[in-house]
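Every number here is computed from the coordinates shown, using simple stated rules; none is lab data. Quick caveat, the model's predicted, so the values are computed rather than measured. Counting neighbours? That spans all protein chains shown, and the Cβs are built from the backbone with ideal geometry, glycine included.
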Amino acid sequence: MKKVLFLIVISILSLSLAACSGEAESEAKAENEKETEQENKEQEEADNQKTEEKQEQNKGMTVDKATQLLEDHVLEENDEIQKLTMNDGEIKASIIIGDNDTINDKTLLAQIAYSSAGDEFLQHEGWEVLTIDFVDLAEVSMHRNEQETDENDFVYFPMDKIIDQFESEAN
């Protein structure tokens with residue numbers, strides 16, 4: 001009789017432990033679901049913030065923004081913006097290409113500058129035509145629909161079209 005009673009007590013304890021274990025698993029599962037939900041919410045917020053930042057970045061072009069892009073990403077130390085205007089979707093800049101310690105050919109420097117400007121401006125909305133008058137060299141003007149895309153989805157103005165405009169002004 002003691003053996004039967006002992007087996008019953010052991011069985012009850014085993015069932016109790018199993019039940020507690022099941023509750024612990026349920027609680028752990030619920031906690032994991034809450035953590036996953038929180039992580040998903042945080043990721044969604046981060047994605048929304050990136051989208052808002054990109055929209056802000058692309059929110060139209062201003063003279064100040066265009067000037068800043070040229071100064072930060074295009075012009076070299078001795079280059080100078082004489083004038084920059086925006087009218088009916090056209091960015092029009094007048095730039096003096098300064099001396100460079102490495103490259104003496106100012107035409108080549110201007111071609112590189114226009115290419116760099118195109119690379120930068122094509123990442124932003126709010127304009128249709130980029131015209132840069134390189135003082136005493138040439139004026140280059142391209143519509144954003146003249147852009148090309150490489151195998152990495154990078155958009156740019158083709159250098160041969162830029163060079164063609166310099167050559168046509170030289171003739």
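Between E167 and Q82, full extension at 0.36 nm per residue minus the direct alpha carbon distance yields a gain of 28.3 nm. Using the average count of surrounding beta-carbon atoms within 10 Å as a protection proxy, the listed peptides 38-44, 131-137 rank, highest first, as 131-137, 38-44. With a Förster radius of 41 Å applied to the C-beta separation of E71 and E44, the computed FRET efficiency comes to 0.70.
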